[in-house]
1. Output yes when any residue across region 127-140 is assigned to a helix (DSSP H, G or I), more than 18 Å from residue 305 (Cα to Cα), free of Cβ contacts under 8 Å to residues at least 60 places away in the same chain and over 18 Å from the mean Cα position of the chain (by Cα), and no when none is.
2. Given the residues 164, 252, 234, 214, which is the only one that is farther than 20 Å from residue 297 by Cα and modelled with pLDDT of 95 or more?
3. Tell me which residues, restricted to region 129-187, are under 15 Å from residue 219 (Cβ atoms) and of a type in the set (S, T, N, Q).
4. Of everything in region 38-57, what is surrounded by fewer than 18 Cβ atoms within 10 Å (Cβ to Cβ) and either in contact (Cβ under 8 Å) with a residue 40 or more places away in the chain or of a type in the set (Lys, Arg) (or both)? Give them in sequence order.
5. Cβ contacts < 6 Å: first residue more than 16 Å from residue 293 (Cα to Cα), restricted to region 234-254; second residue surrounded by 17 or more Cβ atoms within 10 Å (Cβ to Cβ) and not β-branched (Val, Ile, Thr), any location; separation 6+ or different chain. Result?
6. Would you please name the residue that is nearest to the chain's Cα centre (by Cα), looking only at residues in region 82-98 that are in a helix (DSSP H, G or I) and surrounded by 17 or more Cβ atoms within 10 Å (Cβ to Cβ)?
7. Quick one: which of 231, 216 is surrounded by 18 or more Cβ atoms within 10 Å (Cβ to Cβ), within 27 Å of residue 135 (Cα to Cα) and polar (S, T, N, Q)?
Amino acid sequence: MIQDRRVSFASDGRLLVTDGGLETTLIFHDGIDLPNFAAFPLLDDQQGRAALRRYYDAYAEAARRTGAGCILDTPTFRASPDWAAKVGYQPTQLPGVIADAVSLLRDIRATWEQHGVRIVINGAIGPRGDGYSAAETMDGAAAETYHLPQIQAYAAAGADVVTAQTMTHTGEAIGIARAAARAGIPCVVSFTVETDGRLPDGSLLRDAVLAVDAATDGAPSLYMVNCAHPTHIAPALEVGGDWLRRMGGVRANPSPKSHAELNESTSLEDGDPVALGEQLGAIRRSFPHFCLFGGCCGSDSRHAERIGLECRAG
């Protein structure tokens, strides 16, 4: 059954709405301290697990109301060696962390599938460095070595797909895509863009997609953009060409602030759920083959519900 899900998670073109800003929701709505933006330590105790469960259940309920499918991220965006070390975890502990995270989502899926909600489990992979800066980059070989154990753990635990999120340059994306191919699990590559629609390293989104495809023999199942406002993403999608067939979705911030401004913000930048839904619905009408939509930092289940309604209507 898991293998069937892996093959078909996006190939049938049915709409999947992602969850949103896990970390920003936990920090600003639930008042939970997350040092270094790491949510996975919450798996270690019942109170933390209960907070995670409430978060995921809210998205599954939103999916039930809209009739859209739901793709849920494991709370492991920071479960890579460098970031985990900052919160006191050793690399040898990470496979267990990832297995626990996937197990939690499998339990949630078993519950909500009884209510007719389609749920896909995504192994969330964050960048090794700062997702808002390309000051530090990796080449493909180094990134493959670094991320391979993490990706093998997702495959062994039964995740349906892994997603390289908030990629600022092509080298790390190439390494993650190669590692996923070695581990035998589908991979999505999601770049982030600045207010001008370019990656933080200055590249065009088109060129980044083409470069990763060329270096990996087209290994990613599809490409996305995340952690940017729809008005920032629009210029990247306006660069026409066949490469757009490889794009499959958008996961947008509700705030139009730049990455630099968001870094300095001390309040929740949650924008307007209705407006975000309308903006993403418009993107789906322009690119009807896109099948993955959702919110990113600052968004919550309210945004997901509006996105589901607008994108289904699109």
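1. Of all residues in region 127-140, those assigned to a helix (DSSP H, G or I) come to 140.
This time we only want the ones that are more than 18 Å from residue 305 (Cα to Cα), so: 140.
Among the residues that remain, those that are also free of Cβ contacts under 8 Å to residues at least 60 places away in the same chain are: none.
No: region 127-140 contains no residue that is assigned to a helix (DSSP H, G or I), more than 18 Å from residue 305 (Cα to Cα), free of Cβ contacts under 8 Å to residues at least 60 places away in the same chain and over 18 Å from the mean Cα position of the chain (by Cα).
2. Details: 164 fails: farther than 20 Å from residue 297 by Cα; 252 fails: farther than 20 Å from residue 297 by Cα; 234 fails: farther than 20 Å from residue 297 by Cα.
Sole residue among the options that is farther than 20 Å from residue 297 by Cα and modelled with pLDDT of 95 or more: 214.
3. Within region 129-187, 163, 170 qualify.
4. Listed by number, the residues that qualify are 49, 53, 54, 57.
5. 235/197; 236/197; 236/205; 239/206; 243/206
6. Filtering region 82-98 down to residues in a helix (DSSP H, G or I) leaves 82-86, 91-98.
From what is left, the residues that are surrounded by 17 or more Cβ atoms within 10 Å (Cβ to Cβ) are 83-84, 94-95, 97-98.
Details: 83: 17, 84: 18, 94: 19, 95: 19, 97: 18, 98: 16 Å.
Across region 82-98, the extreme among qualifying residues is 98.
7. On the way: 231 fails: surrounded by 18 or more Cβ atoms within 10 Å (Cβ to Cβ).
Being surrounded by 18 or more Cβ atoms within 10 Å (Cβ to Cβ), within 27 Å of residue 135 (Cα to Cα) and polar (S, T, N, Q) holds for just one of 231, 216, which is 216.
Conditions tested, residue by residue: (1) of a type in the set (Asp, Glu); (2) under 25 Å from residue 58 (Cα atoms); (3) under 19 Å from the mean Cα position of the chain (by Cα).
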| residue | (1), (2), (3) |
| --- | --- |
| 235 | no, no, no |
| 239 | no, no, no |
| 246 | no, no, yes |
| 264 | yes, no, no |
| 278 | yes, yes, no |
| 291 | no, yes, yes |
| 294 | no, yes, yes |
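The values are calculated or read from the model by the stated rules, or taken from the named source; none is laboratory data. These figures come from a predicted structure and were not determined experimentally. Reconstructed Cβ throughout: ideal geometry from the backbone, glycine too, with neighbour counts over all protein chains shown.
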